[in-house]
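Visitor: I'd like to ask you about the structure that follows.
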Amino acid sequence: MLDHITFGVSDISRSIAFYDRALAPLGVRRLHDGSDGAVRVAAYGDDRAWFWIAEHDPTRGKLHIALTARDRAAVDAFHRAGLAAGGADNGAPGLRPHYHPGYYGAFVLDPDGHNIEAVFHRG
């Protein structure tokens, strides 16, 4: 079970603006924005913070995080919000039966190029 994840971003203000908008359709909101010593951090979640970004040592490589959506409409709304917030399309909303029957997902690259996915697993 995932407790939390943190990754570094190159421009935290830009990333906060992206995640505030892109995650809202999934019911995920910013719960914290402050510092961890000399490093500015922001935390997102629902009833607790489980997704953190930090303006320190930007994560390199192809990070992929998938967030559960409550239904297909939330996946669609996430994709629209992510693009409107400045993200890049990395896979439009749709069924992906090659993953498993009923897998409905969408992918958006965040401002640092990380692959953020919203997925709904039921038909």
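Visitor: List the relative contact order of the chain as a percent without decimals, with contacts defined as Cα pairs under 8 Å and 6+ residues apart.
Guide: Relative contact order of the chain: 26 percent.
Visitor: Taking the Cα centre of the chain as the origin, how large is its charge dipole in debye, to the nearest 20, when only Lys and Arg (+1) and Asp and Glu (-1) carry charge on their Cβ atoms?
Guide: It comes to approximately 360 debye.
Visitor: Averaged per residue, what accessible surface does region 49-107 expose to a 1.4 Å probe, in Å²?
Guide: Accessible surface, normalised per residue, equals 55 Å².
Visitor: Write down, largest first, the equivalent ellipsoid semi-axes of region 9-123 in whole Å, where each equals the square root of 5 times an eigenvalue of the alpha-carbon gyration tensor.
Guide: 25, 14, 12
Visitor: Of ILE12, ILE53, ILE65, which is the most mobile in a GNM of the chain whose springs link Cα atoms less than 10 angstrom apart?
Guide: Ranking ILE12, ILE53, ILE65 by mean-square fluctuation puts ILE65 first.
Visitor: What do you get for the angle between helix 72-84 and the principal long axis of the chain? Use alpha-carbon atoms, 0 to 90 degrees, nearest ten.
Guide: Roughly 50 degrees between the two axes.
Visitor: Along the Cα→Cβ direction, 7 angstrom out, place labels at ASP46 and ARG14. What is the inter-label distance in nm?
Guide: 3.1 nm
Visitor: Need one number: nm distance between label points at ALA66 and ASP3, each 7 Å from Cα along Cα→Cβ, rounded to one decimal.
Guide: 2.4 nm
The values are calculated or read from the model by the stated rules, or taken from the named source; none is laboratory data. These numbers were taken from a predicted model, which means no experiment stands behind them. Note: ideal-geometry Cβ built from the backbone for every residue, glycine included; neighbour counts use all protein chains shown. Protein only, heavy atoms only, side chains kept; ligands, DNA and RNA dropped before computing areas. Shrake-Rupley method; radii C 1.70, N 1.55, O 1.52, S 1.80 Å.
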